[in-house]
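Input: a single structure, listed below in structure tokens.
The values are calculated or read from the model by the stated rules, or taken from the named source; none is laboratory data. Nothing here was measured: the structure is a model prediction, and the numbers come from that model. So basically every Cβ, Gly included, is an ideal-geometry build from the backbone, and we count neighbours across all protein chains shown. Please note that ligands, DNA and RNA were not included when accessible areas were found on the heavy atoms of the full protein model with its side chains. Shrake-Rupley method; radii C 1.70, N 1.55, O 1.52, S 1.80 Å.
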Amino acid sequence: MAAKVGIFAAILLVCAILLPLLASSFPNHRPEFLEHDSSKTDVTIHGDNNNVVHANVNDIAIPSSNYETRNERSLKEKKKSNKNKNKNKNKKNKKEMKSHEHGFEAFNFEHPLIGGGHHGYPHVFPGYNVDPITEEHEQPEILGGLREGFYQNTCPQAEQIIKNGLTRAFQNDSTIAAAIPRLFLHDCFVKGCDGSIFLDTTPSGGKVEKLSPSNGITVKGFELIDEIKAELEENCPGIVSCSDVLAYLSRDAFVASGLPHYEVSGGRRDGMESRVENVVGNLPLPDDTVDQMIQLFNRKGLNAEDLVVLIGAHSIGVAHCFNFLYRMDTPEKAQMVDPRLGGVMKFTCTSQMSTIAFDATTQYKMDSVFYKQLLMKKGLLESDQVLTQDIRTRGFVQRFSNDEVGWFNKFGVAMNKLGAVEVLTGNQGEIRKQCRAVNL
């Protein structure tokens, strides 16, 4: 009897040794795997019969249903040192994961072929607190504490009310489209986008920003702001700030002039002070050099490209003669003016308050013609024209003159960057009831 038991045990031992060897003789069913270096775009694929194929990462599609294969493409086998280190940690999870050979404690989905982030498969890997992606987790883009769709729940009609106000005003006076964005820049560059340029008075009793020579008679649109704010207060009392009204209204002004629609972040609060002395050194001047403009924009969190992109707003609107006529009085400066434009300046500027369109060809349309004119020395303002002479800005002018769509795409981004300059958010500032005065 003992001999029979011994023979049976020997047979079992032989089977245990031979079966794995036999299985390894049939490689035709092993899954594909990728040899991938994240610094390279080419990968080597080993498949059936040891065939080797070279492919580009961008040409490889990974089936979303084959979860097991994706794990093998994104994971390395866990090292023994890590196993020993975590041997006594989380025994319950370790037991549940025992059948998996890849050591998923260090699991992450940042493989370049699959995508970043812990995208979570809780039903496959029990015991690991990884949340699946859901629509509730997707938040609008946040910029400087601001958020797209800010009034979606508190005043969902806000943006439509603002747009309707601009449409009515534009039908009566098309020049309003250029005036509103100018208000926006002059507000944001002086102590941030806080609606301080609207204030007629402040509790301190001092002179306010709108009385500065850089503003004064050259800025307008206050009545339109009052009208829209009154309608917003009637529908959503104490919800929409004056500074946000100006941000949305500026977008709508550009869209009315031909710019494609872009989203605007909201959430600004209104400031409670406005001082004329704050304007000095914080607004671009018509005779600024490129150095001065870049330094100013850098202080506001904007770069040289943003400068050239936003200067394109001069595709619409007019300039007063006192801002450029002096160029014809100096031979050196006059050389930078196209002779025909110089003739128009002298003929049209019967007074310093006379105006000429920045872009006489398409005065009411946002397009790339303005950049083409700069390259032909047809820029009214000296500060616009010098952008074509400096190596830091000339390339952008040339590019946008030939790529209107590219400029359009960058314009909305730059406007949102401008709209995030030194903003008040949360509990800072206030929501004014009327834009011309702080709340009592």
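Quick look at the values:
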| read-out | value |
| --- | --- |
| Given K191/K377; K210/K372; K410/K433; K365/K433; K220/K346; K346/K417, the pairs whose alpha carbons are separated by over 28 Å | K191/K377; K210/K372; K410/K433; K365/K433; K346/K417 |
| Distance (nanometres) between label positions extended 7 Å along Cα→Cβ at D390 and Q292 | 1.1 |
| Total formal charge among the other residues, if their Cβ is under 15 angstrom from that of I217, Lys/Arg +1 and Asp/Glu -1 | +1 |
| Accessible surface, segment 290-415, averaged per residue in Å² (probe 1.4 Å) | 46 |
| Inter-label distance, nm, simple model (7 Å from Cα along the C-beta direction), K433/E233 | 0.7 |
| Label-point separation, T201 to Y326 (7 Å along Cα→Cβ), nm | 3.5 |
| Protein accessible area in segment 147-278, 1.4 Å probe - carbon and sulfur % | 50 |
| Calculated over segment 264-359: convex hull of Cα atoms, volume per residue (Å³) | 156 |
| Å² of accessible area per residue within segment 147-278, as computed with a 1.4 Å probe and no ligands counted | 40 |
| Principal axis box of segment 290-415, alpha-carbon based, largest edge first, Å | 39, 29, 23 |
| Segment 158-284: equivalent-ellipsoid semi-axes (sqrt of 5 x gyration tensor eigenvalues, Cα, Å) | 23, 17, 13 |
| Relative contact order (%) - segment 147-278, alpha-carbon pairs under 8 angstrom, separation at least six | 41 |
